[in-house]
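Everything on this sheet refers to the single structure shown next.
The values are calculated or read from the model by the stated rules, or taken from the named source; none is laboratory data. Computed from a predicted structure; not experimentally measured. FYI the Cβ positions are ideal-geometry reconstructions off the backbone, even for glycines, and counts take in every protein chain you see.
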Amino acid sequence: METLWFVIVAVMLTAYVVLDGFDLGAGIVQLLVGRTAEERRLIIKTIGPVWDGNEVWLLAAGGTLYFAFPLLYASSFSGFYLPLIMVLWLLMLRGIGIEFRAHLESPVWRHFCDVIFSMSSLLLAIFFGAALGNVIRGAPLNAQGYFFEPLWTNFRVQPDAGILDWYTVIAGLVALFALASHGALYIATKTEGGLNQRARQMAAYAWWGLLVLTPVSLVATVYVRPHMLANYKAQPLGYLIPVIVFGSLALMARFRARGEDRMAFLTSCTYITGMLVGAAFGIYPYVLPASTDPKFSLTIYNTAAGQHGLRVGLVWWLLGMVLVLGYFRYLYRQFRGKVTLEPDGDSGHGGY
């Protein structure tokens, strides 16, 4: 049951990154590919009907984590208190930038909201990447399973390192370029004309960053946390994961160059999924390694809830997922296809 719930949490977090990732990516590139106020409004309209629904996966994953691994939830949410508060503020600012944009008929106000939307999306991508880097690198856990980390110390990977060091910064940059490319490809699938072409070009720029950062991050991960290779050595089938990662990276460029926006976007989804699955596969059965003493590490076994609760919870989780998946299928079918601006100004979801 512990392994099953580990997989469930990993799947939900992956769903969040893939789905809300293109929302974040659209925000990251909005000011770069949208040359006019109308084009920037069109970019927001591409994500308007789905962005808030996509964020539910983050809340659901947090709730599932609380239910299945309560000690991990308590330890990580207290130790990472400062970055979590920063993430909450960024999520709120991002929502304000989207929802309040059309509330005033003022170019200054709309540009201000666009900047808020773009900057909060960019910082969220970096923080989420750094968060994954912290989980892989490990935290300074004590014997009770708790810890505290400052935002940074000396940027070296060491037992008392802060949230940001050279490794977690690399992880943050990988997330930034991956989501920028992901969002740009999504915009390309939903738009036409000059905006479509500039979105493809932005995806190409971000792809070059990924081509450099992906192998660098993998080498850095093995250097920082050598035990990540243990599961790959024990289960050689796991080596298919990096093959999928680099294969999807190559196909992403091929499909984009051929103008197949939908396929390029799907391979971007595959790349992100492969990177996250590779991290989960390597770290298992740990959920938060200790950078101080390995015996203090949190695993799926010493942080899980009781067996009876996990079994009963699985039934309710399956019922909930049936409803959620049905809703998301309906939502994305309803809003499929290209988006256009209404001739009479702002309209649609939230006044986009």
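Just name the residue that is modelled with the highest pLDDT out of those in segment 66-79 that are under 11 Å from LEU288 (Cβ atoms) and crowded, with 20+ Cβ neighbours inside 10 Å.
Selected residue: PHE69.
Name every residue in segment 28-76 that is closer than 30 Å to THR340 by Cα, among the polar types (S, T, N, Q) and in contact (Cβ under 8 Å) with a residue 24 or more places away in the chain, in order of residue number.
GLN30, THR46, ASN54
A quick yes/no check of all residues on (1) of a type in the set (D, E, K, R); (2) touching a His at 6+ places or on another chain (Cβ under 7 Å); (3) modelled with pLDDT of 95 or more; (4) on the phi > 0 side of the Ramachandran plot:
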residue: ALA203; (1), (2), (3), (4): no, no, yes, no
residue: TRP208; (1), (2), (3), (4): no, no, yes, no
residue: ARG225; (1), (2), (3), (4): yes, no, no, no
residue: ASP261; (1), (2), (3), (4): yes, no, no, no
residue: SER268; (1), (2), (3), (4): no, yes, yes, no
residue: GLY274; (1), (2), (3), (4): no, no, yes, no
residue: PRO285; (1), (2), (3), (4): no, no, no, no
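Does THR340 qualify as being modelled with pLDDT under 85 and surrounded by fewer than 16 Cβ atoms within 10 Å (Cβ to Cβ)?
Criteria met by THR340.
I need a count of the residues in segment 240-283 that are out of contact with any helix residue (DSSP H, G or I) (no Cβ under 6 Å at 6 or more places or on another chain), aromatic (Phe, Trp, Tyr) and closer than 27 Å to TYR301 by Cα.
Final tally of qualifying residues: 0.
Give me a count of the residues in segment 232-265 that are without any contact (Cβ under 8 Å) to a residue 60 or more places away in the chain, crowded, with 17+ Cβ neighbours inside 10 Å and within 16 Å of LEU185 (Cβ to Cβ).
Residues in segment 232-265 being without any contact (Cβ under 8 Å) to a residue 60 or more places away in the chain, crowded, with 17+ Cβ neighbours inside 10 Å and within 16 Å of LEU185 (Cβ to Cβ): 6 in total.
Taking only segment 261-289 into account, find how many residues are touching a strand residue (DSSP E or B) at 6+ places or on another chain (Cβ under 7 Å) and not β-branched (Val, Ile, Thr).
Summing the residues that are touching a strand residue (DSSP E or B) at 6+ places or on another chain (Cβ under 7 Å) and not β-branched (Val, Ile, Thr) in segment 261-289 gives 3.
May I ask you to say which residue of VAL174, VAL157, VAL169, VAL135 is part of a helix (DSSP H, G or I), surrounded by fewer than 19 Cβ atoms within 10 Å (Cβ to Cβ) and not charged (D, E, K, R)?
Matching residue, one of VAL174, VAL157, VAL169, VAL135: VAL169.
Based on what the data block shows, is VAL108 closer than 30 Å to TRP316 by Cβ and either in contact with a helix residue (DSSP H, G or I) (Cβ under 6 Å, 6 or more places away or on another chain) or assigned to a helix (DSSP H, G or I) (or both)?
no
Filter segment 284-320 down to the residues that are out of contact with any Asp or Glu (no Cβ under 6 Å at 6 or more places or on another chain), of a type in the set (A, V, I, L, M, F, W, C) and in contact (Cβ under 8 Å) with a residue 24 or more places away in the chain and list them by number.
Passing the criteria: VAL287, LEU288, ALA290, PHE296, LEU298, ALA305, LEU310, LEU314, TRP317.
Being surrounded by 16 or more Cβ atoms within 10 Å (Cβ to Cβ) and either part of a helix (DSSP H, G or I) or polar (S, T, N, Q) (or both) is the requirement here; does ALA203 meet it?
Details: surrounded by 16 or more Cβ atoms within 10 Å (Cβ to Cβ): yes; either part of a helix (DSSP H, G or I) or polar (S, T, N, Q) (or both): yes.
Against the criterion (surrounded by 16 or more Cβ atoms within 10 Å (Cβ to Cβ) and either part of a helix (DSSP H, G or I) or polar (S, T, N, Q) (or both)), ALA203 qualifies.
For segment 110-129, name all the residues that are surrounded by 23 or more Cβ atoms within 10 Å (Cβ to Cβ) and over 21 Å from ILE44 (Cα atoms).
Those that are surrounded by 23 or more Cβ atoms within 10 Å (Cβ to Cβ) and over 21 Å from ILE44 (Cα atoms): PHE128, GLY129.
Can you say whether THR303 is surrounded by fewer than 19 Cβ atoms within 10 Å (Cβ to Cβ) and outside any helix (DSSP H, G or I), as far as the supplied structure shows?
no
Being closer than 16 Å to PHE128 by Cβ and among the aliphatic types (A, V, I, L, M) is the filter here; which residues of segment 61-90 pass it?
Going through segment 61-90, the residues closer than 16 Å to PHE128 by Cβ turn out to be 61-62, 65, 76-77, 80, 82-90.
Answer for segment 61-90, where residues must be closer than 16 Å to PHE128 by Cβ and among the aliphatic types (A, V, I, L, M): ALA61, LEU65, LEU82, LEU84, ILE85, MET86, VAL87, LEU88, LEU90.
Answer yes or no as to whether ALA290 is over 28 Å from TYR239 (Cα atoms) and in contact with a Pro (Cβ under 9 Å, 6 or more places away or on another chain).
Taking the combined requirement at face value, the residue does not satisfy it.
Check whether at least one residue in segment 29-36 is crowded, with 19+ Cβ neighbours inside 10 Å, under 21 Å from ILE272 (Cα atoms) and modelled with pLDDT of 90 or more, and report yes or no.
For segment 29-36, residues crowded, with 19+ Cβ neighbours inside 10 Å, under 21 Å from ILE272 (Cα atoms) and modelled with pLDDT of 90 or more: present.
Failed condition for PRO215, given (1) over 28 Å from GLU2 (Cα atoms); (2) surrounded by 19 or more Cβ atoms within 10 Å (Cβ to Cβ), with all others met?
(2)
Given (1) closer than 21 Å to GLY129 by Cβ; (2) β-branched (Val, Ile, Thr); (3) in contact (Cβ under 8 Å) with a residue 24 or more places away in the chain, identify the lone condition not met by THR189.
Every condition holds for THR189 apart from (1).
Answer yes or no: is there a residue in segment 83-105 that is of a type outside the set (A, V, I, L, M, F, W, C), more than 28 Å from LYS45 (Cα to Cα) and within 18 Å of the chain's Cα centre (by Cα).
Narrowing segment 83-105 to residues of a type outside the set (A, V, I, L, M, F, W, C): 83, 94-95, 97, 99, 101, 103, 105.
Checking the rest, the ones that are also more than 28 Å from LYS45 (Cα to Cα) come to 83.
Restricting the remaining residues to those that are within 18 Å of the chain's Cα centre (by Cα) gives 83.
So far as segment 83-105 goes, yes, one or more of its residues are of a type outside the set (A, V, I, L, M, F, W, C), more than 28 Å from LYS45 (Cα to Cα) and within 18 Å of the chain's Cα centre (by Cα).
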